[in-house]
Structures are given as C-alpha cells and as structure tokens.
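Q: I am attaching a structure below and will ask some questions about it afterwards.
The values are calculated or read from the model by the stated rules, or taken from the named source; none is laboratory data. Remember, predicted model here, so these are calculated numbers, not experimental data. Every residue, glycine as well, gets a Cβ built from its backbone with ideal geometry; the counts of neighbours run over all protein chains shown. Protein only, heavy atoms only, side chains kept; ligands, DNA and RNA dropped before computing areas. Shrake-Rupley method; radii C 1.70, N 1.55, O 1.52, S 1.80 Å.
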Amino acid sequence: MPIKFIIFDLDGTLVDTVQDITNALNHALFSHDIKTLTVRETMKLVGEGVTRLVEKVLPEGKEHLKDDVMRKFLGYYSEHLIENSKEYLYVRETLENLNQFKKAVISNKREALSRRLLEELDLAKYFDLIIGSDTAGERKPSPIPILYVISQLGLSPEESIVVGDSYYDIEAGKRAGTKTVAVTYGYQPKELLKEADYLIDDLRELVHLVQEIE
C-alpha cells in the first residue's frame, strides 16, 4: 500500500538537542553534588524521556532525589531550549519535498517542549500533528503514540511509516504495524538499528524511498 503518512521522531532525527539536554541535566545534577555527564555520555542515555533519563543517571542511594532533579532539569531546559539545538542537515529541504504527505512528530519529550522547540526553529509548520510523551498515555517503544496519531488523521498503519534514530522508534513502529526507517546520523549506533525496514544515512533519501513503497 502506498505511503500517505510519515511519522518522525524529534531528538536525534530532526533536531540535534543533546548539548542543551546535557547542560540542563548537569545543572540539576551539580546542585546535588552528583557527577556530571559529557555530551557523549548523555547521547547514550537519551530516547525514553526525562523521567527515565533522570532514573538512569542517579547513583545508588540518591534515588530519592529524582523529583527534585527532574524539576531542576525541566526548569533549566525550558529556559535554554534552543541555545545550542539545531536542525540536522537537509531537514528543512526534505520536509519541503514531502509536502504531498501527511506528517507528524512523536517525541518522548513532553508535548509542550516538543512543540515549542519546533516552533522556535520554524519547523512546526511542516507537521499536521505534534505530540509528546504526555499526550497519548504511553511513550515509545509502546505503539500507542503511533496508533494515536494514525487514528487522529484517519489513516491506517499500512499507509504509515516511522522515521527515527533509535531502537525505541523502530520498536514502536513495528508493534504498531507500520514500515520503519532508521537514520544513522542520530544518537544510537548503527548496529542497534538493524531491525528497521530501511536504513538511511542522509535524510534526503527519504523522499525517494517513501514514493517507491507500494
């Protein structure tokens, strides 16, 4: 069945946000005298949303600080949302060349932050729907967010394709019954993306790919 709907991940797929996430996380950790992280270390941990991110970085015996670390992270991150974040190469060009398709963003970042990030980078205008981890009741790798946006636009999984940089995106798409595309320039190594139906190194490849699927 021809593709009519393209569902994009946000962080690591459309926008490189890891420096701003690292800065916000380190701000929150430093206030509790917890070891801070490098960008490379953060890159290995992101993908499941802020709650899981904070749970991963809190050392044993510091778990009780989770709520305060999250609060400080979100406060700082909200104030510095696009200080260093920028769209990946060819993102805008690719989105403009996909204007005949319905498009959505599903992020494990909260919806308000996801929407604001895209608006401030002037990318929100390309999407019919933008949702986050707090929109559909579950987050990727659950298929629920995928099925939610498909339903909202009156389409089917067979007409849809998920584009992301992580296992969580690919697993969510597979479980929802969509085709899946992994981009290799994001935050997860290529070997973790092998379950995707398609692998692309350059987002411009997506334009021809979605037109050829039947």
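Q: Using packing as a proxy for protection, rank 172-181, 107-116 so that the peptide with the highest average count of other Cβ atoms within 10 Å comes first. It would help to have the intermediate numbers written out before the result.
A: Values: 172-181: 22.6, 107-116: 21.0.
Top to bottom by mean Cβ count within 10 Å: 172-181, 107-116.
Q: Moving on to the next point. Only Cα pairs within less than 10 Å get springs; with that Gaussian network setup on the chain, which residue of G61, G49, G12 has the largest fluctuation?
A: G61
Q: With n ≥ 4 as the cut-off for DSSP H runs, can you work out [θ] at 222 nm for the chain, using -39500 (n - 2.57) per run divided by the number of residues, rounded to the nearest 500? Could the numbers behind the result be given before it?
A: Working: 9 runs with 83 residues, N = 214.
My calculation for the chain gives -11000 deg cm²/dmol from helical runs alone.
Q: Hey, got the dipole for the chain? About the Cα centre, +1 on K and R Cβ, -1 on D and E Cβ, debye to the nearest 20?
A: The dipole magnitude comes to about 340 debye.
Q: Let me ask another. Taking only Cα atoms and a 10 Å spring cutoff, compute GNM fluctuations for the chain and point out the largest among E93, E60, E191.
A: Maximum among the listed residues: E60.
Q: If you don't mind, there's one more thing I want to ask. Considering only DSSP beta bridges whose two residues both sit in the chain, what percent are antiparallel, to the nearest 5?
A: Numbers: 2 of 21 bridges.
Of the beta bridges lying entirely in the chain, close to 10 percent run antiparallel.
Q: Kindly state, as a whole number, the per residue volume in cubic angstrom of the convex hull around the alpha carbon atoms of segment 133-174. Provide the component values of the computation, followed by the final result.
A: Working: hull volume 2.5 nm³, N = 42.
It comes to 59 Å³ per residue, whole-number rounded.
Q: When the Kirkwood radius is taken over all Cα pairs of segment 69-132, what Stokes-Einstein diffusion coefficient follows at 10 °C and 1.306 mPa s, in µm²/s? Can you show the working numbers first?
A: Working: Rh = 12.8 Å.
Stokes-Einstein gives a translational diffusion coefficient of 124 µm²/s.
Q: Next question, about the same structure. Name the long-range amide H neighbours of K179: under 5 Å, sequence gap of 5 or more, or other chain; modelled H, no Pro or chain starts.
A: S160, V162
Q: Past 25 Å, Cα to Cα: identify those pairs from K66/K194; K56/K103; K35/K140; K66/K190; K35/K109, in the order given.
A: Numbers: K66/K194 33 Å; K56/K103 32 Å; K35/K140 28 Å; K66/K190 31 Å; K35/K109 23 Å.
Going by Cα-Cα distance, K66/K194; K56/K103; K35/K140; K66/K190 fall outside the 25 Å limit.
Q: I'd like the Karplus ³J(HN,Hα) series for segment 148-157: coefficients 6.51, -1.76, 1.60, θ = phi - 60°, whole numbers in Hz, and an x wherever there's a Gly or Pro.
A: 4, 5, 4, 5, 4, 9, x, 10, 10, x
Q: Specify, per residue and in Å³, the volume enclosed by the convex hull of the alpha carbon atoms belonging to the chain.
A: Working: hull volume 23.4 nm³, N = 214.
In the chain, the Cα hull volume divided by residue count equals 109 Å³.
Q: If amide H atoms are built 1.01 Å from N in the plane of the peptide, which residues on other chains or at least 5 residues away come under 5 Å of the amide H of L81?
A: Under 5 Å from the amide H of L81: no residue qualifies.
Q: Do me a favour and compute the ellipsoid semi-axes for segment 40-84 from its Cα gyration tensor, root of five times each eigenvalue, largest one first, whole Å. All intermediate terms of the calculation are to be shown ahead of the outcome.
A: Numbers: eigenvalues 71, 41, 13 Å².
Over the Cα atoms of segment 40-84, the semi-axes work out to 19, 14, 8 Å.
Q: Separate question: Leaving out ligands, DNA and RNA, what percent of the accessible area of the chain is carbon and sulfur, probe 1.4 Å?
A: Numbers: 4770 of 9990 Å².
Whole-percent figure for carbon plus sulfur exposure: 48.
Q: Of all the Cα-Cα pairs you can form in segment 48-170, what percent are over 21 Å apart?
A: On the way: 3478 of 7503 pairs.
When all Cα pairs of segment 48-170 are counted, 46 percent exceed 21 Å.
Q: List the relative contact order of the chain as a percent without decimals, with contacts defined as Cα pairs under 8 Å and 6+ residues apart.
A: Details: 379 pairs, mean separation 57.3, N = 214.
Taking the mean separation of contacting Cα pairs over the length of the chain, I get 27 percent.
Q: So what is the accessible area of the chain per residue, in Å², with the probe set to 1.4 Å?
A: Counting only protein heavy atoms, the per-residue value for the chain is 47 Å².
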